[in-house]
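Novice: Below you will find the structure I want to go over with you.
Any read-out appearing in this document is the output of simple, stated calculations on the displayed coordinates, not a laboratory observation. The structure presented is a predicted model; accordingly, all values stated were derived computationally and were not measured. Please note: Cβ atoms are built from the backbone with ideal geometry, for glycine as well, and neighbour counts cover all protein chains shown.
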Amino acid sequence: MKRIGVFVCWCGTNIANTVNIEAVTEAAGKMPGVVYAGNYKYMCSEIGQSKIKSAIIREKLDRFVVASCSPRMHESTFRKTAAAAGLNPYLVEIANIREHCSWVHKNKGEATAKAIALIRAAVAKAARDKELWATQIPVEHRALVIGGGIGGIQAALDIADAGFEVDLVERTPSIGGHMAQLDKTFPTLDCSACILTPKMGEAASHPKITLYTYSEVEKVDGYVGNFEATIRKKARSVDLEKCTGCGICWEKCPSRVKSEFDEALSMRKAIYIPFPQAVPNVPVIDRASCRWFTREKCGICRKTCPAGAVNFDQEDEVLQKKYGAIVVATGFDVLDLDDFGEYSYGKHPDVLTSLEFERILNSSGPTGGRLLRPSNQSPPKNVVFIQCVGSRDKSRGKPYCSKICCMYSAKHVILFKEKYPEAQAYVFYIDIRTAGKDFEEFHRRAVEEYGALYLKGSAGKVFPDGDKLLVKGVDSLSGHALEIEADMVVLATAIKAKSDAPQLARLLGISTDTHAFFMEAHPKLRPVEAHTAGIFLAGACQGPKDIPETVSQASGAAAKAIVLLSKENLLSDPCVSEVNESLCTGCLACIKVCPYSAITEKTIEEKIHGKALQRRVAEVNVALCQGCGSCTVSCRPGAVNLKGFTNEQIMAEVDAICL
Amino acid sequence: MRFSYYPGCTLKTTAALLENSALKAARALGIELIEQEKWQCCGAVFPLAALEIAPFLSSVRSLAAAKDTGEKLVTICAACYHVLKRANHVMKTDRDVCTKANNYLQLPEQYRGGTEVIHYLELLRDEVGFPTLARKVKKPLTGRKIAAFYGCLLLRPPAVMQFDNAENPSIMEDFLHALGAAAVDYPYRTECCGVYLSVQNEEIVAEMVAKIINSALSHGAEAIVDACPLCHYNLLELQKKTPQGKSTLPVYYFTELLEEALDLKDKVEEKMAF
């Protein structure tokens, strides 16, 4: 006879307010096989765990059920408790009576009955638990960092400094990301390039870091400790080794296209580096706009290159690399303003997004840092900044706060007023959110020292009127409708997830939230890990973030990756599939559904009536199996079972719930 | 082309000019507009009181009657269009109001928002087509610089009205181009005219109208064209009360220009005299 213990957790008031703990404990004590049932306010605490341990010894328990929160939260905690008391950790079951019960119900009677049913199911499953043993899998001591913005650079440097090799993959021709586009950074106003470019240089020269710019991750297979990634190095058409970055090629190139880096405010050539401090300082030929590739004419860059580095025949290179850990730091996009016609964006050159304004302020930007109206190159006298364009806007934009706009708008006000002390800045805002070290003081400087007029309310319309822009809005504090004649209007455009974030999430097997930002494993306790083991998140790909936060998260993700990479071996989860060869008919339907290619066929020999017969069966590679269970449901004779979740156990749970 | 037609009170009284010119042009374009037999006032303002069902009923009667004929329901007045379209949307989406209205009216058949309500401008754009209209123009308004004024009722709320892009509409400009005129782009074309405030506080409306008129003038307009009796009244009458104290810009219904371009103005009026 099994000796099962049941431990019911109050979770403070989280469970106890909705579920009658005493009634549940009493009912659990009477369940088949249960020899002990107890409860405690916080089962996961040190005291709670020692209560479990002493009960195991005192009551000679050979397995137990904890009725508490989701197994995502504390299953591993209680498995460790079991191991500490000498039990196999896989003889522990969790009945989730918090997320699945107390949090979602109001009626105490019904919630109590449901909690009892959930525990009954867990007890029925526990009675059929078998001891399982984890096996050791080796770790590939290399890391992949996807995205070469400040987040990716920081994560790569931290991991490399710990002594592990890192491949940093960046889609565009240079690392640097959005931070390279910025002029100054809040709240200290230090120059973005001055603090970023040394880091870019460091990443490029670090002996443990390999840069793959103008490259993309196409495929990721494998699992924690043993990922296998396919990286496409797009044809640069310029030899990275030979090029000296002298710049003759892009001076001579006759094709001009809008510069992505300058937010289309300036032109670049078809052979180009995105910005002067680019790393690597080697140009790329944009084949879609190059005369050689579109019309087979020109070729002047090849003729003039003193190093003979231009190579029109270069082809994409596809690399297969192995990694133990992956850091995702792919950053963000800004919202498309097509649905915001009232601001005349795109209709008038003096209406700009904040990122465009940033380029105009930047001394290496399209105007060389001269802040002039794009329409007529005259100095602006009145500039209106409109915050929350698309942020906190359920109807047309995003419901969330983009987090950085209050601060960068204050920065823009200060930089504008530094250049034109006599001019006036107006800022329309919903709320000012400056929660960060020295942030509020910075915002107050914009108001008090620089005299920016902050107007609580929204601007409803911007339209060209003569050579000015008329901004109509409301100041909700005075109740006045306002009309401001502006020379420039700057829109604090919402931050959104990269448009192809869902595709990358699918490729990596990680999840996204409703706005396509990557999901962390736990919003509070595991903020830098993805749900998939071995994949870590850094920066705005996980949600809007400023630079200090991105850098901290990147270092956090790097630390987590280092912990993983510094292990010689990992313990594999023993909850994997196994094939009962005597039942297997060799139909191999399981091979087709396995997403991890973990099932292969093999031939076995059997003696039937004294005759040796050969037949085909399925075989599971336990190192590749992730325990998803797809094969078990595809198996018609029921020959495949997931250890720890066998068909028998699942059916026993169903029976117990339906009781 | 045959359509049910809901005229509304204003078109039978102060805005008779709008109806007459629209109907004449429709005949010339081969469009049959069959006036509904028993129509009632739409209420002139869309009822926002959620619990009040009575203000919807007259609209629902007309909508249901149009459904029985299987024809689209055409309106010329912007206010009627606004009220009918929004009432129809409520019937389509709010089950509670729909049930109550049906219970109250006891129609032979339940009405659930099946009728399509279209404005005369949409009729020209989607049923006739502006290129076809352009071909039928006999006296193109070449060289005339005209500013279109949209007002609010046709465009807002955008999710329900779905008439045109609410912030940057183009249907009236496209219409003007079809007639051969030059459309003047100016910032106030989608602003509010002041609506019923002209009854209560003429000064405020005069100020609003002055902004619209002056903006159109400064962008080179020689006339302003609208599609709404109330906008028309405010732009025409309140213009006289602006600081300038006199009318500076002629105001037309869009159908007047249509009538002129189709060369129906005088001759047809003579023939039509009953």
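Novice: When ranked by the protection proxy of mean other Cβ atoms within 10 Å per residue, highest first, what sequence do the peptides A:429-442, A:113-126, B:230-243, A:600-613 form?
Specialist: Values: A:429-442: 15.1, A:113-126: 23.6, B:230-243: 20.5, A:600-613: 9.4.
Most protected by this proxy first, the peptides run A:113-126, B:230-243, A:429-442, A:600-613.
Novice: How large are Rg and Dmax for the stretch A:384-518 when calculated on the C-alpha trace, in angstrom?
Specialist: Rg and Dmax of the stretch A:384-518, Cα atoms, are 17.2, 55 Å.
Novice: Rank these for me by crowding, A:Lys108, A:Lys234, going from fewest to most other beta carbons within 10 Å.
Specialist: Working: A:Lys108 14, A:Lys234 18.
Ranking A:Lys108, A:Lys234 by Cβ neighbours within 10 Å, fewest first, gives A:Lys108, A:Lys234.
Novice: Quick check: the distance between the Cα centres of the stretch B:218-265 and the stretch B:187-209, to the nearest angstrom?
Specialist: 15
Novice: Something else: Whole-Hz Karplus ³J(HN,Hα) for the stretch A:382-392, in order, using 6.51 cos²θ - 1.76 cosθ + 1.60 and θ = phi - 60°, x for Gly and Pro?
Specialist: 10, 10, 9, 9, 10, 8, 6, 7, x, 8, 6
Novice: Percent relative contact order of the stretch B:34-128, based on C-alpha pairs within less than 8 angstrom and at least six residues apart? Intermediate values should be presented prior to the final figure.
Specialist: Details: 108 pairs, mean separation 31.3, N = 95.
About 33 percent, as a whole number.
Novice: What do you get for the angle between helix B:54-69 and the principal long axis of chain B? Use alpha-carbon atoms, 0 to 90 degrees, nearest ten.
Specialist: Relative to chain B, helix B:54-69 is tipped by roughly 90 degrees.
Novice: Can you give the net charge of the other residues whose Cβ lies under 14 Å from the Cβ of A:Phe428, counting K and R as +1 and D and E as -1? Working shown, then result.
Specialist: Working: positive: A:Arg392, A:Lys456, A:Lys461, A:Lys472; negative: A:Glu342, A:Asp393, A:Asp431, A:Asp475, A:Glu483.
Net of charged neighbours comes to -1.
Novice: Between the DSSP loop rule and a limit of at most 16 other Cβ atoms within 10 Å, which GluC sites (Glu not before Pro) in the stretch A:159-258 are left?
Specialist: Numbers: sites: A:Glu165, A:Glu170, A:Glu202, A:Glu216, A:Glu218, A:Glu228, A:Glu241, A:Glu251; in loops: A:Glu170, A:Glu241.
Answer in residue order: A:Glu241.
Novice: Is the stretch A:7-67 best put as rounded, prolate or oblate by its Cα gyration tensor, with a ≥ b ≥ c the root eigenvalues, rounded for a/c under 1.5, and otherwise prolate when a/b is larger than b/c, oblate when not? Mind dumping the intermediate values first?
Specialist: Details: a/c = 2.79, a/b = 1.24, b/c = 2.26.
Taking the square roots of the gyration eigenvalues as a ≥ b ≥ c, the stretch A:7-67 is oblate.
Novice: Using the alpha-carbon centroid of each, what span in Å lies between the stretch A:442-520 and the stretch A:557-602?
Specialist: So the two Cα centres are separated by 48 Å.
Novice: Another question, if that's okay. Return the equivalent ellipsoid semi-axes of chain A as a descending list in whole Å, where each equals the square root of 5 times an eigenvalue of the C-alpha gyration tensor.
Specialist: Working: eigenvalues 607, 251, 84 Å².
Each semi-axis is the square root of five times an eigenvalue, giving 55, 35, 21 Å.
Novice: Step through the table entries B:Lys24/B:Lys67; B:Lys38/B:Lys136; A:Lys269/A:Lys498; A:Lys234/A:Lys347; A:Lys199/A:Lys242, compare each Cα-Cα distance with 31 Å, and write down the pairs that go over it. Can you show the working numbers first?
Specialist: Details: B:Lys24/B:Lys67 25 Å; B:Lys38/B:Lys136 33 Å; A:Lys269/A:Lys498 26 Å; A:Lys234/A:Lys347 35 Å; A:Lys199/A:Lys242 24 Å.
Table pairs above 31 Å Cα-Cα are B:Lys38/B:Lys136; A:Lys234/A:Lys347.
Novice: Could you work out, for chain B, what percent of all Cα-Cα pairs fall into each 5 Å distance bin, beginning at 0 Å and stopping at the bin that holds the largest distance?
Specialist: In whole percents, the pair-distance histogram is 1, 6, 13, 16, 18, 16, 13, 9, 5, 2, 1, 0.
Novice: If you don't mind, another one. Trypsin sites (Lys or Arg not before Pro), restricted to the stretch A:489-559: which are DSSP loop and have at most 14 other Cβ atoms within 10 Å? The partial results should precede the final answer.
Specialist: On the way: sites: A:Lys496, A:Lys498, A:Arg506, A:Lys524, A:Lys545; in loops: A:Lys498, A:Lys524, A:Lys545.
In loop regions of the stretch A:489-559 (DSSP not H, G, I, E or B), the sparsely surrounded trypsin sites (Lys or Arg not before Pro) are A:Lys524.
Novice: Mind checking the full-extension length gain between A:Lys219 and A:Arg128? Use 0.36 nm per residue of separation minus the Cα-Cα distance, one decimal, nm. Intermediate values should be presented prior to the final figure.
Specialist: On the way: separation 91, 0.36 × 91 = 32.76 nm, distance 3.91 nm.
Net length gain for the segment: 28.8 nm.
Novice: Could I ask something else about it? Which far-off residues, 5 or more places away or on another chain, put their amide H under 5 Å from the one on A:Arg63, with H placed in the peptide plane?
Specialist: A:Arg3, A:Gly5
Novice: Hey, how many Å between the Cα centroid of the stretch B:22-97 and the Cα centroid of the stretch A:345-375?
Specialist: 49
Novice: Next question. Please list, ordered by chain and number, the residues whose modelled amide H lies under 5 Å from the amide H of A:Ala235; skip anything fewer than 5 residues away on the same chain.
Specialist: For A:Ala235, whose amide H was placed from the backbone, the distant partners under 5 Å are A:Asp316, A:Glu317.
Novice: Using only Cα atoms and rounding to the nearest 10 degrees, what angle (0 to 90) does helix B:16-28 make with the longest principal axis of chain B?
Specialist: Tilt of helix B:16-28: around 90 degrees.
Novice: For B:His219, B:His82, what ranking results if the residue with the fewest other Cβ atoms within 10 Å of its Cβ goes first? Don't skip to the answer; put the middle values down first.
Specialist: Working: B:His219 18, B:His82 28.
With the sparsest Cβ surroundings first, the list reads B:His219, B:His82.
Novice: Same structure again: When the Debye formula is applied to the Cα atoms of the stretch A:82-143, each taken as the same point scatterer, what base-10 log of I(q)/I(0) results at q = 0.15, 0.16 Å⁻¹?
Specialist: With one equal scatterer per Cα and no solvent, log10 I(q)/I(0) is -0.65, -0.69.
Novice: Here is a follow-up. Among bridges DSSP assigns within the stretch A:62-220, what percent are antiparallel (round to 5)?
Specialist: Values: 2 of 16 bridges.
Looking only at bridges with both residues in the stretch A:62-220, the antiparallel portion is about 10 percent.
Novice: As a test of the formula, what do you get for chain A when each DSSP H run with n ≥ 4 contributes -39,500 (n - 2.57) and the sum is divided by the residue count, at 222 nm and rounded to the nearest 500 deg cm²/dmol?
Specialist: Values: 17 runs with 179 residues, N = 659.
That comes out to -8000 deg cm²/dmol.
Novice: Something else now. Tell me, what does the Kirkwood hydrodynamic radius of the stretch A:577-643 come to in angstroms if you use every pair of distinct C-alpha atoms?
Specialist: Details: mean 1/r = 0.0825 Å⁻¹.
Here the Kirkwood hydrodynamic radius works out to 12.1 Å.
Novice: Oh, and also: Can you compute log10 of I(q)/I(0) for the stretch A:248-304 with the Debye formula, treating each Cα as one identical point scatterer, at q = 0.16, 0.17, 0.24, 0.30 Å⁻¹?
Specialist: Ignoring solvent entirely, the Cα scatterers give -0.45, -0.51, -0.97, -1.30.
Novice: Per 0.36 nm of contour for each residue apart, how much would the distance between A:Lys419 and A:Lys611 grow if the chain were fully extended, relative to their Cα-Cα spacing?
Specialist: Working: separation 192, 0.36 × 192 = 69.12 nm, distance 9.52 nm.
My answer for the length gained is 59.6 nm.
Novice: Starting at the first residue of the stretch A:615-620, write each ³J(HN,Hα) from the Karplus equation 6.51 cos²θ - 1.76 cosθ + 1.60 with θ = phi - 60°, in whole Hz, x for Gly and Pro.
Specialist: 8, 9, 9, 8, 9, 9
Novice: Right, here's the next one. Would any residue of the stretch A:117-131 have its amide N under 16 Å from a label point 7 Å out along Cα→Cβ of A:Leu583? List them or say none.
Specialist: A:128-130
Novice: Count the DSSP beta bridges whose two residues both fall in chain A, then state the antiparallel fraction as a percent rounded to the nearest 5.
Specialist: Numbers: 59 of 109 bridges.
Expressed as a percentage, antiparallel bridges in chain A total about 55.
Novice: Among B:Glu207, B:Glu122, what is the fewest-to-most ranking by other Cβ atoms within 10 Å? Don't skip to the end; give the middle numbers.
Specialist: Values: B:Glu207 15, B:Glu122 20.
Lowest count first: B:Glu207, B:Glu122.
Novice: Which helices, taking whole DSSP H runs in chain A, have alpha carbons extending 27 angstrom or more along the helix axis plus mean Kyte-Doolittle at least -0.5? Intermediate values should be presented prior to the final figure.
Specialist: On the way: long enough: A:108-127 (28 Å, 0.62).
Answer set is A:108-127.
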